[in-house]
Amino acid sequence: MSAAPQALRRLLSEIGTVDQVGIEERVAKYTTRSIKKKSKLFGLNLAVSMVDLTTLEGKDTPGKVASLCQKALLPHDQGDVPTVAAVCVYPAMVKHAAKYVKGTPVRIASVATAFPSGQAPLKTRLAEVRAAVADGADEIDMVINRGAFLSGQFSLMQDEIAQVVEACGNATLKVILETSELETYDNIRAASFLAMRVIRPGDFIKTSTGKTSSNATLGNNQVMLDAIRDFFLETGTAIAMKPAGGIRTAKQALHFLIAVKETLGDEWLNNQRYRFGASSLLNDLLRQLEKERTGAYQAPYYFSEAAEAY
Amino acid sequence: MSRLPITKTPKCYVGGAFIRSESGRVAPLHDARGAFFANIPQCTRKDLRNAVEAAAKAGPGWAKRSAYNRGQILYRLAEMMEARSAELAEAIQIGGSTKADANHEVASSIERLIHYAGWTDKYEQLLGNVNPVASPHFNFTVTEPMGIIGVLTPEEAPLLALITLIAPAITCGNTVIALASESQPYPAIVLGEMLATSDLPGGVVNLLTGQRSELVPTFASHTHLRAISGVANADERKEIRLAAADSVKRVNLRKAEDPTDWPSPKLQGLSAIRELIEFKTTWHPIGA
């Protein structure tokens, strides 16, 4: 028998396993809640304030990042819409984003550590983190060493996270577990705990990079929220959470917020403790807010959507 | 031994799929003699919103089809209706039409589609232009589809009026959300089944059934609908014009209180297409 199952079993006997059927039944209920009128408005505005407005593409340019920053600062010119929490860009784009959002409530998040695979020497990954922080990143989104986790080298994985924490300095850290590559809920719970034990209060655990086939789901979000709750009850340390990838509609965002409210409570319903990593979610949130404001369903091309004549 | 009857659940054709209303509501439909016929979905403003999303998705692809291909597809729809004309005629008779009238309505509807199938690759030549200008430029006017068109059908002529209003819109690359006759919705349900087998991409034509009073305000105010065409009474026309002004929507409505001669050839042709396109004029320098 290889080391991986043994190490995992030891860890799970300590932290408890996940009841997969129970989780899925529970999250299915979240989608049946009726959120209307005032609570819907509250939820939509809250979701806007939690968005990490993201562009992570090979074709990103300083110009594209500039328009992303403008959008982050003023999501919509009608109504009373809050700014988003942060813009999330590649390290090379941090200095371009800094020109627009430094000194504003919008923070700069940067993915680092050889995102999305993490397959680079540790030295390189740490240097990338330091460079992003030096350029002005307020938050660093790192990926864990999934290879180390899956082969049972938990202390290697934790050591690497700890070194990134150190490299971050004052910057907030978000640890991406890449749930789709961890495969089971038990693995997600185990990786959550391993990460939470080495990061600081107020740092995040994050579901995914958005670069693989499956991203944030209500299920893996719930497993991680449960882990955060159990860790908080055990140690008193509050860890924040960021689902990322695949959350495109306002309705989905409300479902995720219901999960937060019903699992962790109001303490986590703010952008210090919960974020959405998304690029197209913001436009749908604005669209629904504008629908609530005017009473009329809105066309997507009013919200800086790349739209054709339709 | 008698066989248990297998009755059909009528469903609306939206986004290429057959849907029930998201509300789950239905209303009983009775035939002209008062006997129960079927339960018809009562679509809501959310069904309309979903239909608009489906139409928006299908729109760019449909507009990019070659004019010739759009003509082929309209012709194919006419073929499907011809093959199932008896079923369409029966659907119309539920509303009380005589067999002869119903057959005539089906035949007129099919011919109307054939008429527009011919127009797909011809209207551009007639409506587009090379304009004379006093500088070394080419100046072209070309047509573009408007986008998503809301269609409000009248109570009478449940198939022919529907086809008369839908066909010119899709001929020139628009997509359509049509609200079927409230009192005679069944022909639209049957037409949906033919649209599904006609090579027309899903989402290009979306057919809703339900109460006008519930749906007209959303048709009028939804900013993604670029035009409203069809038939409306005085109160509806006022409501539609007011909300359409907010969303800068083109309104082209016949008066419900004036009788319309639906089989008349005057209701088909280039002018109906022209109501549903935008003109774009471009300047291009001549020579090097």
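Working note: Cα gyration tensor of the range B:42-285, eigenvalues times five, square-rooted, sorted largest first, giving semi-axes of 29, 22, 16 Å. Taking all C-alpha pairs of the range A:138-188, those more than 19 Å from each other amount to 28 percent.
Using the Kirkwood radius over Cα pairs, work out the Stokes-Einstein diffusion coefficient for the range A:21-106 at 4 °C and 1.567 mPa s, in µm²/s as a whole number. The calculation lands on 87 µm²/s.
Treating each Cα of the range A:252-310 as an identical point scatterer and summing with the Debye formula, the log10 of I(q)/I(0) at q = 0.12, 0.26, 0.27, 0.29 Å⁻¹ comes to -0.40, -1.05, -1.08, -1.14. Remark: C-alpha extents of the range B:19-170 on the principal axes read 72, 37, 23 Å, sorted largest to smallest. Charges on Cβ only, +1 for Lys and Arg, -1 for Asp and Glu, centred on the Cα centroid of the range A:3-292; of A:Ser192, A:Pro121, A:Val27, which one is farthest towards the dipole's positive end? Looking along the dipole axis, the top candidate is A:Val27.
With 19 Å as the limit on Cα-Cα distance, the pairs of B:Lys64/B:Lys122; A:Lys71/A:Lys206; A:Lys38/B:Lys57 that go past it are A:Lys71/A:Lys206; A:Lys38/B:Lys57.
When every Cα-Cα distance of the range B:44-121 is counted in 10 angstrom steps from zero, the calculated P(r) takes the values 18, 30, 33, 19, 0 percent. Neighbouring Cβ atoms from other chains, within 10 Å of the Cβ of residues in A:291-297, number 5 on average. Measuring between alpha carbons in the structure, the pairs from A:Lys64/B:Lys46; A:Lys37/B:Lys11; A:Lys99/A:Lys211; A:Lys29/A:Lys242 lying more than 23 angstrom apart are A:Lys64/B:Lys46; A:Lys37/B:Lys11; A:Lys99/A:Lys211. Counting only residues at least eight positions apart within a chain, or on another chain, the aspartates and glutamates with an alpha carbon under 18 Å from that of A:Lys123 are A:Asp141, A:Asp159, A:Glu160, A:Glu166.
Diffusion coefficient of the range A:210-268 by Stokes-Einstein, Kirkwood radius over Cα pairs, 37 °C, 0.692 mPa s: 272 µm²/s. Taking A:Lys64, A:Lys206, A:Lys174 as the candidate residues, the one with maximal mean-square fluctuation in a Gaussian network model of chain A, Cα springs under 10 Å, is A:Lys64. For the Cα trace of the range A:153-310, dividing Rg by the Kirkwood Rh returns an Rg/Rh value of 1.03.
When Rg and the Kirkwood radius Rh are both evaluated on Cα atoms of the protein assembly as shown, their ratio Rg/Rh stands at 1.07. Treating r as the C-beta distance of B:Asn131 and A:Glu183 and R0 as 51 Å, the FRET efficiency rounds to 0.20. Mean-square fluctuations from a GNM of chain A, with a 10 angstrom spring cutoff on Cα atoms, peak among A:Leu233, A:Leu173, A:Leu282 at A:Leu233.
Taking the Kirkwood radius as Rh and the Cα radius of gyration as Rg, chain A has a ratio of Rg/Rh equal to 0.96. Accessible surface for A:Phe149 stands near 10 Å², nearest 10, in the context of the full protein assembly shown (1.4 Å probe).
With the helix formula -39500 (n - 2.57) applied to DSSP H stretches of n ≥ 4, the protein assembly as shown reaches a computed 222 nm mean residue ellipticity of -14500 deg cm²/dmol. In plain terms, the bigger the Kirkwood radius, the slower the diffusion; for the range B:149-288, with that radius from Cα pairs, at 4 °C and 1.567 mPa s, Stokes-Einstein puts D at 82 µm²/s. Computed from the C-beta positions of A:Glu305 and A:Arg9, the FRET efficiency with R₀ = 60 Å rounds to 0.80.
The convex hull around the C-alpha trace of the range B:125-164, projected and averaged over every direction, spans 4.7 square nanometres. Of all the options B:Ala256, B:Ala169, B:Ala78, the one that moves most in a Gaussian network model of chain B with Cα springs shorter than 10 angstrom is B:Ala256.
Scanning chain A for DSSP H helices at least 30 Å long along the axis (C-alpha atoms) with a Kyte-Doolittle mean no lower than 0.0 picks out nothing. Mean partner shielding of peptide B:218-224, defined as the number of other chain Cβ atoms within 10 Å of each residue Cβ, is 5.
The values are calculated or read from the model by the stated rules, or taken from the named source; none is laboratory data. Keep in mind it's a predicted model, so treat the numbers as computed, not measured. Cβ coordinates were reconstructed from backbone atoms using ideal geometry, including for glycine residues, and neighbour counts include every protein chain displayed. Side chains are part of the model used for accessible areas, which takes the heavy atoms of the whole protein and leaves out ligands, DNA and RNA. Shrake-Rupley method; radii C 1.70, N 1.55, O 1.52, S 1.80 Å.
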